[in-house]
Each structure stands twice: as structure tokens, then as C-alpha cells.
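Derivation of every value follows stated rules applied to the coordinates shown; laboratory data play no part. As the structure is a prediction and not an experimental result, all values here were calculated from the model. Quick reminder, even Gly has a Cβ in these numbers, built from the backbone with ideal geometry, and neighbours come from all protein chains shown.
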Amino acid sequence: MAGRSQFGLSALERRALLKGSLGAAAFAGMQSYASAAKIAEVTAPPPMPLPGRKVALVPLRVTPDQLIDVKCCIRPFRAAGPNLGTQMIGDTLVVHNYGHGGSGWSLSWGSADVALGKALSVLPKEIAVVGCGIVGLTTAVLAQQYGLKVTIYARDMIQRTRSFRASGSFTPSSRVALTEPAGPEFGDLWERMARFSWKAFRTCIGLPGNPVEFQDNYGLSDTPPQRRVREPNPAITDSYATRGIPFQETEFAHLDDRIKDIVPQSSLLPPEENPFNAAYASRTSHMYFNFASYGHMLLTEFFGRGGQFVMRDFHGPADYAKLKEKVVINCTGYAARDLWQDKTIIPVRGQTGWLVPQPDSHYAVRYKNVMLMSKADGVCVMNNNSIPEDLGDMFGVGNSMELPNPADIQAGLKLIAPVFAPPVGGA
Amino acid sequence: MARALSVIALAATAIAIGAASPAPITTRQGVFTEDQAAAGAQLYATRCAMCHGKMREGTYETPSLQDRFIANWSKAPVADLYDYLARAMPQFAPGSLKPAETAQIVAYLLKANGLPAGAKPLPEGGPTLARIMLEPKAPSLSAKAVPRTK
Ligand SMILES: Cc1cc2nc3c(=O)[nH]c(=O)nc-3n(C[C@H](O)[C@H](O)[C@H](O)COP(=O)(O)OP(=O)(O)OC[C@H]3O[C@@H](n4cnc5c(N)ncnc54)[C@H](O)[C@@H]3O)c2cc1C
């Protein structure tokens, strides 16, 4: 660490330069390189561990001014799980591939494979994909890999879809179905899609721009962490069966245990290995997606293989039969609720805040129901606190208000900020 | 091919409506009243502007209600747009607009996109509305060409 920086300055000179004591002439000579502040940042020594700790991480900057974006999005949740059914509209076979709840990114490849299996049964040479979110674009690329000529029709390309307003990690059973309405076979279908997707994402690791990466994910708490047990609340008598919308968390399918042989599990850290100012820390490692490079990767492959994109707005199912392709995969996400009059799609609102990218702090952390995830395009912030009680999977259910509310994000930042601060009275 | 198919479909719709019915009308012919558009502007401000913007400019994520929007909904009956608003908007309370309100908001959007008002009000759904085709205003060419550099 000691010695000369990339600009040939010693640590002493650098400090002097930053204070301005080397004089204007020296500073002028530096301007063609970079700002003085930048140099200081590049050569900053690693942080000191907190008292009594052996490890340190570069703390995330979570002050309100770091917030550069707030995005809001509706998860297309279906009690029965994603719609992968088929139907004829005139002479056109429509294969549905929508309604992935909070798991659209995670299940994209596996779900595309299932939908394409149905499309291929009529031996098409070319197909249309309606929708260019993560589900549509992935379906289009996989169809090309299966030898088909593909045209995507959509109102928007992926960058402007709801998919780009997700948080974007591998969460394949996040609000993907309700246990009862999905039925006993759903678990197997889900597992097939999740495992297929996991393998497909693994092939993207290490590609330029890091479209898919792993990072450490810390769960922090002030009291010893407990495994969450979900018990139905007997006081709640309504349910999806009676009202067409879930009423409690226990109605949701939680399927992650089926793939725990491949997905890293979390373990409690000994105190000296906890780098944060919180009494307890557990650590796991999670897979996540960098939207910009991931979208670019898929679009590059799609166009590279001769794919066509047509901007088009569909006003109802009849429009599908007007396409020249007679096999169409419908990947319209939440919009299918109106477009296909699928009232079984339940909106589940969610929002993310985005802080300035902080690549030196490459980790995720959760504390008091606030989550931070440091990604290439910024630090994703989610505040899943609700008043008066913690709603868990019920948070946002039935809410189709898609306007962001930055105050919630700021409140979340305030809640999590103390974990990065040295303890009061510390060294 | 898609174009050809939709032209056939259009022709078929016209035939289905019946030989006796008048030729399709377009939004260039004054299909709403000034009063409707004015009422629609008020409604827009309270029910739509929070997402689509005061000037219907939209955001990166929420569609603007001009230009591309008109392109998206044109060459189709105004009834498509009317039905969509009636069913799906505002997104946080879909189905909450009354038929008269829906017609007023459509009138406002047409007017805001340069289409003329007329004597008859825009119908609140029904077969007449299904016959009115959404046609964008005629392109207005700038009076002066870009000045040449000498
Ligand atoms: C806050 C939040 C966090 C999330 N985090 C994760 C996560 O970590 N991991 C995960 O796996 N999932 C996550 N999700 C869920 C995920 O975002 C969705 O499941 C996914 O985006 C659905 O993708 P889609 O392609 O089906 O739909 P969309 O992204 O909505 O794409 C739909 C496409 O259809 C087009 N379209 C729609 N209607 C029409 C029409 N009438 N005419 C023409 N084109 C049309 C659109 O233009 C678009 O191209 C999260 C969601 C939210 C809200």
C-alpha cells in the first residue's frame, strides 16, 4: 500500500497535494489526469475493523444525498403460478408465459423452456414473442437457440419494462404462487424451471460486464437470529378460496428447500468475523443480475442471431391473430391482466431506491427489514417495513399504485445507517 | 403481411357493421365537444396527471400520452382506447371511471393531440364509437425550413 501511487506521488505528497500545500503549479500539472479527490479515493487504505473484530468491509454510504433513483413496479402474481397454458385465437396458437410474481428474472430461462416446448409441438419455423421484458426477451433468445426465426413485438424494449424495476437477484420462489390453488404438481414444475434457470445463469458468470454475479449477503440483527416459522393465524378466516386474494403469508408457496442442494445457505458468523455494528450477523452468498449488462447481453445475442424487433401495441387477443407468425408466445407480464382479461393476476406493488454505485462495497446487507444490494448500476435499497405489523409476503398485495414513494426509501436508509457507524464510544 | 391482414380485418369489420351503416368516421372530423374536452382536462388533472405528467409528457417508465401514444392507438377504433381506459385506468383504481368521465378524458386526449372539437359529443361507448377511427392530426410542417448556413 505504501510507496508511490499510479501518478508517481508518495503518500506524503498526496496528502500535501490534497491540502493544497504543493502549490498551484503542481496542481495544474495534475489536472490532465484526474481530480485530487479521485486519487485519494483510488489509493484509500482499507478500513479498520471495528473494535473486537478481525474483518472490515468498506462501509456503504447511505446518506440521503446518495439516492439517485426510485423505481416502482408491480409484480404479476397469479395464485396458480405462471400461466403456461395454450389457446387458439383464430388460426394462431398462443402459448402464454406470464404471471411470474416476484420470480420473473429467476425463472426466466426455465419458464421459456417450458413455453417453447409447447410451441415446438406444432413444428413452427418462425414464431412471434409478444413482450420484451425479461421473460419475453429470454424466450426469444432461447427460441433462436432452438433454431427458430423470431420476431419480438412489444410496446417497450427491456430497459423500459417493469423487469428493469425489479431488484434482481435469484429468488425463484418469491411470491410465485399460492400453495392451494397451484396444486400439488406445481412444485415439480417450479423445480424444473428453477434448476434450468440456475444452470443457464451460471453460463453467464464471468462474461464481460458481469451480467450475473455472486456476492456475500449479510443478515444482521440485534437479537439472536431465528429461523422464520410461518404459522397460519386462526383469527384470519378469509383466504384466496373465499375472496380471490391471499389474506396471510402461509397461503404462499415456499419452495426454496427443493433446491437447497445448489443454492448457498446462510450461517451465523462468530462475533469477531462480523464486520458490522450489529450484535449478530449471518452470511450467505447470493446470485444476482446486473440489469444493464444482462439486458445488453440478451439483446446482442437476439439481434446477432437475426432477430427482429417491432414496436407495437396490442389492444386485445384478436390482435394476436393478425400477426404473420402463427405461433405466438405471450409474455406481457402484469399487462396480461387487462390485455387477456386474466383477473387472476393479483398486483403486488414493490419499489426500489438506487444509491450511487459503490463498487468497493461489493456485498448485500439486511437489517430491520431493509435490504441493500450493491450492484453495478447502483446500490439497490428496499424497505419492506409496513405499519403496524410486518406483512412479509403480504406486503404490497392487491396494490396497483405504481408511483414511487421516495420517503419510504429514505426511512429505510435511516433505519439501516447505524450498522455502518462505529459503535458509540468505539475506537 | 401483417398490414395486409389487418386491412382485410378492417374491411371485414366494415362489412360486418352492415352495408346500411355510414362510412367510418375519423377523429379528424370533430368527434367530441369542447365541453367534453374541458371536463376531461379537469379529470385528467386529478386522476391521470400524477403518473402521466401535467403536460401528458409521461416518464421513462410511464407512457406519455402524445406522439408515440397516438401512433400506438391509431388505425383502430377510438372504442379500443375508450374501453381500455374504462377497464384498466387509473391503474391504481381500474374501472372507477364513469362512462361519461371516460368519454371526457378521451375527448381531452384527442384535443390535446391536436384533433378538432365538433358539434356532437363523443359517445359513451356503443356502436357509434366503434365506427370512429383514431387518425392522428395531419402533420404540420414547420413554416420555415432550417435556415441554411451561408
Ligand atoms: C420491487 C420488485 C423487485 C423484484 N425483484 C425480483 C428479483 O429479485 N428476482 C426476480 O426473479 N424477480 C423479481 N421481481 C419480479 C420481476 O420483476 C417480474 O416477475 C418480471 O419483471 C416479469 O417480467 P415480464 O417479462 O413477464 O413482464 P414485463 O417486464 O412487465 O414485460 C412485459 C412486456 O410486454 C410488453 N407489453 C405489455 N403490454 C403490451 C401491449 N398491450 N402491447 C404490446 N406490448 C405489451 C411490455 O412493453 C414489455 O415489453 C421483482 C419485482 C418487483 C416489483
Legend entry - Neighbourhood net charge (12 Å Cβ-Cβ; Lys/Arg +1, Asp/Glu -1) for B:Glu57: +2
Legend entry - Greater than 28 Å apart at Cα, pairs in A:Lys118/A:Lys149; B:Lys54/B:Lys137; A:Lys199/A:Lys368; A:Lys322/B:Lys137; A:Lys54/A:Lys260: A:Lys199/A:Lys368; A:Lys54/A:Lys260
Legend entry - Nearest-20 debye value, chain A charge dipole, Cβ charges on Lys, Arg, Asp, Glu: 840
Legend entry - Residue mean of other protein chain beta carbons inside 10 Å, B:58-66: 3
Inset, instruction - Using a 10 Å cut-off on Cβ atoms, rank the peptides A:397-407, A:261-271, A:135-145 from the highest mean neighbour count down. - result: A:135-145, A:397-407, A:261-271
Legend entry - Cα principal axis extents for region A:64-420, largest first, Å: 64, 51, 38
Legend entry - Mean-position separation - Cα centroids, region A:248-316 and region B:33-69, in angstrom: 36
Legend entry - By average C-beta atoms within 10 angstrom, highest first, the peptides B:26-35, B:90-99: B:26-35, B:90-99
Legend entry - Relative contact order (%) - region B:24-133, alpha-carbon pairs under 8 angstrom, separation at least six: 47
Inset, instruction - Grab the Cα-Cα distance for A:Thr284 and A:Phe214, subtract it from 0.36 nm times how many residues apart they are, and report the gain in nm with one decimal. - result: 24.2 nm
Legend entry - Beta bridges per DSSP with both ends in chain A, % antiparallel, nearest 5: 65
Inset, instruction - Express in % the proportion of alpha carbon pairs of region A:281-427 at distances exceeding 23 Å. - result: 58
Inset, instruction - Would you calculate the separation in nanometres between label points at A:Leu268 and A:Phe303, each defined as 7 Å from the Cα along the Cα-to-beta-carbon direction? - result: 5.3
Legend entry - Taking only Cα atoms of region B:24-133, radius of gyration then Dmax in Å: 12.7, 37
Legend entry - Nonlocal amide H pairs with A:Val212, under 5 Å, H built at 1.01 Å: A:Gly206, A:Leu207, A:Asn290
Inset, instruction - With everything on Cα atoms, drop me the angle between helix A:134-145 and the longest principal axis of chain A, reported from 0 to 90° to the nearest 10. - result: 70
Legend entry - Averaged over B:84-96, number of beta-carbon atoms from partner chains that fall within 10 Å: 3
Inset, instruction - Could you work out the relative contact order of region A:288-408, using alpha carbon pairs under 8 angstrom and six or more residues apart, expressed as a whole percent? - result: 22
Inset, instruction - Using only alpha carbon pairs under 8 Å that are at least six residues apart, calculate the relative contact order of chain A and give it in whole percent. - result: 24
Inset, instruction - Give me the distance in nm between label points sitting 7 Å out from Cα along the Cα-to-Cβ direction at A:Lys343 and A:Ser386, one decimal. - result: 2.3
Legend entry - Per-residue mean of C-beta atoms belonging to partner chains within 10 Å, peptide B:71-81: 2
Inset, instruction - First select every other residue whose beta carbon is under 11 angstrom from the beta carbon of B:Val78; then total the charges, Lys and Arg +1, Asp and Glu -1. - result: -2
